[in-house]
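The values are calculated or read from the model by the stated rules, or taken from the named source; none is laboratory data. Predicted, not measured: the structure shown is a model, and the values here were computed from it. Cβ placement follows ideal geometry from the backbone for every residue including glycine, while neighbour counts extend to all protein chains displayed.
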Amino acid sequence: MITRLSPIAAYREGLRRVTGAPWMWLGAWLATLLVAVPAAMVVREMIADHLGASLVAERVAAGVDVDWWQEFRAQASGLGATFVPAIVGGAAVLKNHGALAIGNILGSNIFNLLGILGIVAIVQPIGISRETLIVDFPAVVLMQVICIPLLLRRNRVGRREGVALLGLYAVYAAIVFGFGR
Amino acid sequence: MVKPGIRRVLASALAVTAWYGLSTMPRAQPAGAAAPAPAAAREAVAPATVVRSPRNANYSIDASLDPRTRTISGRGVITWRNVTSHDASELRLHLYWNAFKNTRSTFLQERLRAASPADRRALLTRPLDDFGHTTISAVRLVGAGAAPPVDLTSGVHAIQPDDGNADDETLVRVPLPAPVGPGQTVNVEVEWTARVPRTFARTGVVGNYYFVGQWFPKVAVLGERGWISHQFHASTEFFSDFGVYDVRLRVPSGWVVGATGLAQPPRENGDGTTTHRFLQEDVHDFAWTTSPDYVVREERFEHAGLPPVDMRLLLQPEHASQADRYFAATGAALRYYGEWFGAYPYGHITVIDPAWQSGTGGMEYPTLFTGGTRWLSPRTTSQPEGVTIHEAGHQFWYGMVATNEFEHAWMDEGFNSFSTSRALDELMPVRFHSERFFGGFLPWVIDDITQPRATDGNGWPRYRRDAKSDIPSTPSWRYWPGTSASITYSKTALWLHTLERMLGWQTLQRVLSTYFERYAFHHPSPEQFFAVANEVSGQDLTWFFDEVVGSADVFDYGVDRLTSARRTVRGIVDRDGKKVAVGAEPLGDVYETQVVARRYGEAIFPVDLLVRFEDGSEQRVRWDGRDRWRLFTFERQAQAISAEVDPDRVLLLDTNFTNNSRTLAPQGRAAATKWSLRWMVWLQDLLLTYGFFA
């Protein structure tokens, strides 16, 4: 039997199913990562080939070089052709890329927290679970406290900091899934 | 017999011609027996104090708009003087709106040919109600005094000198009963009706908003080598002679009207319509607009050393808050173009803010132009400033210098693009890139990305894409329609900016102001500009113009190799009269740096090569850029760290800046890793989003 749902009801139903199945989220995340990583490697080679040993690469590595973007856009094809629109297009807005430097990561989180949560809550009020209160909220506060000295110490995120951040994420993931069981 | 109404039109036309034009006209016997202006008509028109142009194509027009049927009924007298040294046995009239009559016109055929599949589909499925046309119902040669007019209507027929497309009716020939000799004048009365199209190209109607350009039968330009008359093409605009315009427009009462020229007091007709009259001397076209919805603002431009200009702004109500931006941008054009090239002489200008989705934005006409903006337009972006400066700037290059846009479109659009980006930099030194979403409704400013004049302002990305598409010296109407703007606007702006960097702004400014002063109101040719550039700069720049205007060759210089190591020798050397084998032996405390610079493109330009060394020193050498490659060798105590050709970016036409440099500490892979990871996050977000909704 087919049940007809209104769009809002379908969205609510989807949310209910998704929030009730964290493993589905993880599966989707991993599946998309498996697609994204090799594609990104192709794009990386395209960018590296184009930049070569030029001085332009220094500017591109350090920040934003619009002239180079335009040049790459004009010469790229296939996946490479999506690079510039992705960086300065809709993704820039959704990720709050007013500043395309490191600040956008924090900006993106703020958008996710306030924007996405707000939109979802308008559609369907969200209950706060015990897991969220005990694990997620303290984790968010703790991460901010850890990140501040980590990021300010050398005004850059180097390899060591990167490893540390990934390690923290692994700990957090382990706690979440351990708690879920 | 001439109807009384026609007599009034004729009398008015001749009055205009008499007052404004006779002072410059040769006193030859008029071939068409032009009638003297009746005294009564003279009183209506104030005499001009300065005659700036030849005034050989003068118009007196009565036109009436019926919004219910979207038609314009017009009647006018063209007073045309032959300014060439040979007889004219015919007149040629442009009927531009016939480009929108059906899809077989040359204009729409060219549009279709160059369109993307989606655009092509959209064009081919436009509602039938969108199409428009101009139909001439009568043409008469009007004689002097009581002499009866000579009906020429039966001889009028469409011609297609460019492509032989028999379906194209944008140009008609009007055979004359007797030739018009050099310096002689004819008066030709024309009656026509036109259906206003839903905009195909910058003229038309949407709702109650009318923007009416290229709307009346307009006489073509007769040159020494015959008629310079072309059909209406997708890639080019217009060309016509200067004259005096006296135009009376009958529209519904209560509707606001803006037009070329100075408005005279309107007259209520008592039938729900009002007649608005506009007069203008020394212009080569006339456009107008009307709508009941306009919000009118007025302001005066004043700047030391320049004549004041009354600015009249007709705004869409939803854009009323942007009036100051329109005025500031128009004022910037009047100021900077005035200071750099020559003063705007007309004393008034009308700025039109076009209706949403009217398709009429960004178009220039004498003393009037359309800008364009959005309801949401952040002040750190250049909308409406960019388009406003550009169209106001056309008053100088298109309006006054008035080059042949059919054949040398780059002389107007390119010169103006260069000037626009320069003036915009003065008005808005910093402006940011923005993206628009939801059909352009929602803007998002990305304040990491500024819009530099040299590249964005000159349209560098567009040029790069189409650099080889056409040779600029090809008649512009023959450019491939899909890429014509890249050559006309961007390539010209880039080579003018390159000239600025070569010669210095002061010299280029003197070149442009001399050209403007010498040829305003006289339709100069490319050769006349080149001659001025050579004369004022004191250099023979022919080689440069041959490259940038006379060819489609691209410029691309680069550094192919950079090595820098201690000087060593390995092998057999002569030492103390003996042959000695040595293995990588140092030859003093010297680094040998070798740079191979290459010319990848066909075009040639002298460039500098800059080599930087690790001790902070630099060495700069000049390369004439002629050979395909050249080896440069430097011997120093320090190792080189980088080499760069054209380090100051003088040559803005270089199609590949990335290959201009090379370093011994390349960062390409680090940069690629950083940005590809960012792209990966975007891709994963995209996939997750699709996955969520799937």
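Would you check if there is a residue in the range B:386-398 being assigned to a loop (DSSP other than H, G, I, E, B) and surrounded by fewer than 24 Cβ atoms within 10 Å (Cβ to Cβ)? Outline the logic, then answer.
Kept after step one, since they are assigned to a loop (DSSP other than H, G, I, E, B), are these residues of the range B:386-398: none.
Within the range B:386-398, not a single residue is assigned to a loop (DSSP other than H, G, I, E, B) and surrounded by fewer than 24 Cβ atoms within 10 Å (Cβ to Cβ).
Select from the range A:141-181 the residues that are at pLDDT 70 or above, exposed (fewer than 12 other Cβ atoms within 10 Å of the Cβ) and of a type in the set (D, E, K, R) and list them in ascending order.
A:ARG159, A:ARG160
Quick one: is B:LEU313 within 18 Å of the chain's Cα centre (by Cα) and at pLDDT 95 or above?
On the way: within 18 Å of the chain's Cα centre (by Cα): no; at pLDDT 95 or above: yes.
In short, no.
Which of (1) surrounded by fewer than 19 Cβ atoms within 10 Å (Cβ to Cβ); (2) closer than 16 Å to B:HIS319 by Cα does B:THR381 not meet, given it meets every other one?
Here B:THR381 clears every test but (1).
Which residues, counting only those in the range A:24-75, are outside any helix (DSSP H, G or I) and within 22 Å of B:ILE641 (Cβ to Cβ)? Quick ask: steps written out before the conclusion?
So the first thing to find is which residues in the range A:24-75 are outside any helix (DSSP H, G or I), and the list is A:52-55, A:63-65.
A:GLY52, A:ALA53, A:SER54, A:LEU55, A:GLY63, A:ASP65 - these are the residues of the range A:24-75 that are outside any helix (DSSP H, G or I) and within 22 Å of B:ILE641 (Cβ to Cβ).
Inside the range A:57-84, can you point out the residues that are closer than 18 Å to B:ARG464 by Cα and in contact with a strand residue (DSSP E or B) (Cβ under 9 Å, 6 or more places away or on another chain)?
A:VAL66, A:TRP69
Out of all the residues in the range B:258-279, which are surrounded by fewer than 23 Cβ atoms within 10 Å (Cβ to Cβ) and in a strand (DSSP E or B)?
If the condition is that a residue be surrounded by fewer than 23 Cβ atoms within 10 Å (Cβ to Cβ) and in a strand (DSSP E or B), then B:LEU262, B:ALA263, B:ARG267, B:GLU268, B:THR273, B:THR274, B:THR275, B:HIS276, B:ARG277, B:LEU279 are the ones that fit.
State which residue is farthest from the other protein chains (Cβ to nearest Cβ) when the search covers only the range B:442-501 and only residues that are charged (D, E, K, R) and touching a His at 6+ places or on another chain (Cβ under 9 Å). Quick ask: steps written out before the conclusion?
Our first condition is that a residue be charged (D, E, K, R); within the range B:442-501, this holds for B:447-448, B:453, B:456, B:462, B:464-466, B:468, B:470, B:478, B:491, B:500-501.
From what's left, touching a His at 6+ places or on another chain (Cβ under 9 Å): B:447-448, B:453, B:456, B:478.
On the way: B:ASP447: 5, B:ASP448: 4, B:ARG453: 12, B:ASP456: 8, B:ARG478: 25 Å.
Among those that are charged (D, E, K, R) and touching a His at 6+ places or on another chain (Cβ under 9 Å), it is B:ARG478.
Within the set of pairs 6+ apart or on separate chains, which have a first residue in the range A:74-90 that is more than 9 Å from every other protein chain (Cβ to nearest Cβ), a second that is at pLDDT 80 or above and part of a loop (DSSP other than H, G, I, E, B), and C-beta atoms under 9 Å apart?
So the pair list comes out as A:VAL84/A:ALA76.
Say whether the condition of being surrounded by fewer than 17 Cβ atoms within 10 Å (Cβ to Cβ) and either among the aromatic types (Phe, Trp, Tyr) or over 22 Å from B:ARG68 (Cβ atoms) (or both) is met by at least one residue in the range B:130-144. Even if it seems obvious, please write down each step before you answer.
Initial filter on the range B:130-144 (surrounded by fewer than 17 Cβ atoms within 10 Å (Cβ to Cβ)): B:130, B:135, B:137-138, B:144.
Imposing the further condition that a residue be either among the aromatic types (Phe, Trp, Tyr) or over 22 Å from B:ARG68 (Cβ atoms) (or both) reduces the set to B:138, B:144.
Yes: one or more hits.
Find all pairs meeting these conditions: Cβ atoms under 7 angstrom apart; at least six residues apart or on different chains; first residue within the range B:103-131 and under 28 Å from B:PRO161 (Cα atoms); second residue aromatic (Phe, Trp, Tyr) and assigned to a helix (DSSP H, G or I).
Going by the 7 Å Cβ cut-off, the qualifying pairs are B:PHE131/B:PHE100.
Return yes or no: is B:ALA234 in contact with a Ser or Thr (Cβ under 7 Å, 6 or more places away or on another chain), more than 23 Å from B:TYR346 (Cβ to Cβ) and among the small types (Gly, Ala, Ser)?
Details: in contact with a Ser or Thr (Cβ under 7 Å, 6 or more places away or on another chain): no; more than 23 Å from B:TYR346 (Cβ to Cβ): yes; among the small types (Gly, Ala, Ser): yes.
Judged against the criteria, B:ALA234 is not a match.
State all residues of the range B:593-603 that are surrounded by fewer than 19 Cβ atoms within 10 Å (Cβ to Cβ) and either charged (D, E, K, R) or touching an Asp or Glu at 6+ places or on another chain (Cβ under 7 Å) (or both); if no residue qualifies, say none.
The initial filter retains those residues of the range B:593-603 that are surrounded by fewer than 19 Cβ atoms within 10 Å (Cβ to Cβ), namely B:594, B:596, B:598, B:600, B:602.
Residues satisfying the conditions are B:VAL596, B:ARG598, B:TYR600, B:GLU602.
Regarding B:PRO148, is this residue exposed (fewer than 15 other Cβ atoms within 10 Å of the Cβ), under 18 Å from B:ARG75 (Cα atoms) and in contact (Cβ under 8 Å) with a residue 24 or more places away in the chain? Lay out the reasoning, then the answer.
Details: exposed (fewer than 15 other Cβ atoms within 10 Å of the Cβ): yes; under 18 Å from B:ARG75 (Cα atoms): yes; in contact (Cβ under 8 Å) with a residue 24 or more places away in the chain: yes.
Here the answer is yes, as B:PRO148 does meet what is asked.
Out of curiosity, is B:GLY439 away from chain A (no Cβ under 12 Å), more than 24 Å from the chain's Cα centre (by Cα) and assigned to a loop (DSSP other than H, G, I, E, B)?
On the way: away from chain A (no Cβ under 12 Å): yes; more than 24 Å from the chain's Cα centre (by Cα): yes; assigned to a loop (DSSP other than H, G, I, E, B): yes.
Answer is yes for this residue.
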